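Undergrad: Before we start, here is the structure in question, set down as structure tokens.
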Amino acid sequence: MLPQPIFLDKIIQILSDENLDAKNIKKCINSFLSKKDFHAILELNIKMMNIAKLILKSDETLNILLPQNSNCKNINYQAQELELKKEIDINLNDLKNCNNEKIIETIKQTYQNNLVKELDLSSQKEKIKILFILNEVPKFLKSIYKECEFKEYGLANYLEFDEIWDFYENNVRYFTVLTPMGANKIKLCLKNTQEIEDEINIMEINLDKE
């Protein structure tokens, strides 16, 4: 059996189910994989996946409100132009919590105990908020997570949250993603909408899509 990155994403989707019956899932996995083989496949997938990135695609100039490095509890945000092809890291813990009650209520129906952070962007035509549903590492993966080379960026990929994707309200467009498991940082970059990305562990958000 060849390891495939999609395997880990499928496992994550199963684990994210609020109605998950852990005993039945364990029996299902044990029926076709030993515990040793299961962990070996997960480790291979993680090594193949590298750092998960969030790519914003737009032909417009984007301004982003970046949290500043500070030991103070009150973080000061400043606008900065997001340069084409330049990657930046953002600490998820420094981002402000989403306070849109309607959106939080929708997210909590699927991810009841997850924190939701938001990143503010703006272009010439509109304001944009990228919402991050923080995803914790399941207990059975914590030993593997400790050995992960890029663990500050989390395990696996970003997952699109369909309920709030390209959602428009009060002159703001919302996109929402579930972060890789255990992620503390975002690897973010901007690319032109004409460019084609062939990496396997990225999430693309096309901001120019009508």
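The values are calculated or read from the model by the stated rules, or taken from the named source; none is laboratory data. The model shown is predicted, which means the values in this text are computed figures rather than measured ones. Neighbour counts are summed over all protein chains in view; Cβ atoms, including those assigned to glycine, are modelled from backbone coordinates with ideal geometry. Surface accessibility is based on the protein's heavy atoms, side chains included, excluding ligands, DNA and RNA. Shrake-Rupley method; radii C 1.70, N 1.55, O 1.52, S 1.80 Å.
Undergrad: Tally the residues that are under 16 Å from the mean Cα position of the chain (by Cα) and in a helix (DSSP H, G or I), restricting the search to the stretch 95-116.
TA: 1
Undergrad: Could you list, in sequence order, all residues of the stretch 118-133 that are assigned to a strand (DSSP E or B) and in contact (Cβ under 8 Å) with a residue 24 or more places away in the chain? Write out each step before concluding.
TA: Our first condition is that a residue be assigned to a strand (DSSP E or B); within the stretch 118-133, this holds for 118-122, 127-133.
The answer is Leu119, Asp120, Leu121, Ser122, Lys127, Ile128, Lys129, Ile130, Leu131, Phe132, Ile133.
Undergrad: Just the residues that are within 23 Å of Gln80 (Cβ to Cβ) and open to solvent by less than 40 Å² (accessible area, probe 1.4 Å), please, taken from the stretch 198-210.
TA: Our first condition is that a residue be within 23 Å of Gln80 (Cβ to Cβ); within the stretch 198-210, this holds for 202-208.
Ile202, Met203, Ile205, Leu207, Asp208, listed by residue number.
Undergrad: So, one more: Could you check the stretch 159-181 and list, in sequence order, the residues that are open to solvent by less than 40 Å² (accessible area, probe 1.4 Å) and assigned to a strand (DSSP E or B)? Break it down stepwise before answering.
TA: Here is the first cut: in the stretch 159-181, the ones open to solvent by less than 40 Å² (accessible area, probe 1.4 Å) are 159, 161, 164, 169, 172, 174-181.
Selection gives Leu159, Phe161, Ile164, Glu169, Val172, Tyr174, Phe175, Thr176, Val177, Leu178, Met181.
Undergrad: A further question on this structure: Being surrounded by 17 or more Cβ atoms within 10 Å (Cβ to Cβ) and acidic (Asp, Glu) is the filter here; which residues of the stretch 101-142 pass it?
TA: Answer for the stretch 101-142, where residues must be surrounded by 17 or more Cβ atoms within 10 Å (Cβ to Cβ) and acidic (Asp, Glu): Glu118, Asp120.
Undergrad: A further question follows. Can you tell me which residue within the stretch 145-155, out of those that are modelled with pLDDT under 80 and part of a loop (DSSP other than H, G, I, E, B), is most open to solvent (accessible area, probe 1.4 Å)?
TA: Checking each candidate, the answer is Glu149.
Undergrad: If you don't mind, there's one more thing I want to ask. For Cys189, which of the numbered conditions (1) modelled with pLDDT of 90 or more; (2) surrounded by fewer than 20 Cβ atoms within 10 Å (Cβ to Cβ); (3) within 24 Å of Lys108 (Cβ to Cβ); (4) touching a Leu at 6+ places or on another chain (Cβ under 9 Å) fails to hold?
TA: (3)
Undergrad: Take Asn184 and decide whether it is open to solvent by 20 Å² or more (accessible area, probe 1.4 Å) and within 21 Å of Asn113 (Cα to Cα). Talk me through it step by step, then tell me what you get.
TA: On the way: open to solvent by 20 Å² or more (accessible area, probe 1.4 Å): yes; within 21 Å of Asn113 (Cα to Cα): yes.
When the stated conditions are applied, Asn184 passes them.
Undergrad: Quick one: which of Ala156, Ala183 is touching a Phe, Trp or Tyr at 6+ places or on another chain (Cβ under 6 Å) and closer than 20 Å to Ile55 by Cβ? Break it down into steps so the answer makes sense when it comes.
TA: Details: Ala156 fails: touching a Phe, Trp or Tyr at 6+ places or on another chain (Cβ under 6 Å).
Among Ala156, Ala183, only Ala183 is touching a Phe, Trp or Tyr at 6+ places or on another chain (Cβ under 6 Å) and closer than 20 Å to Ile55 by Cβ.
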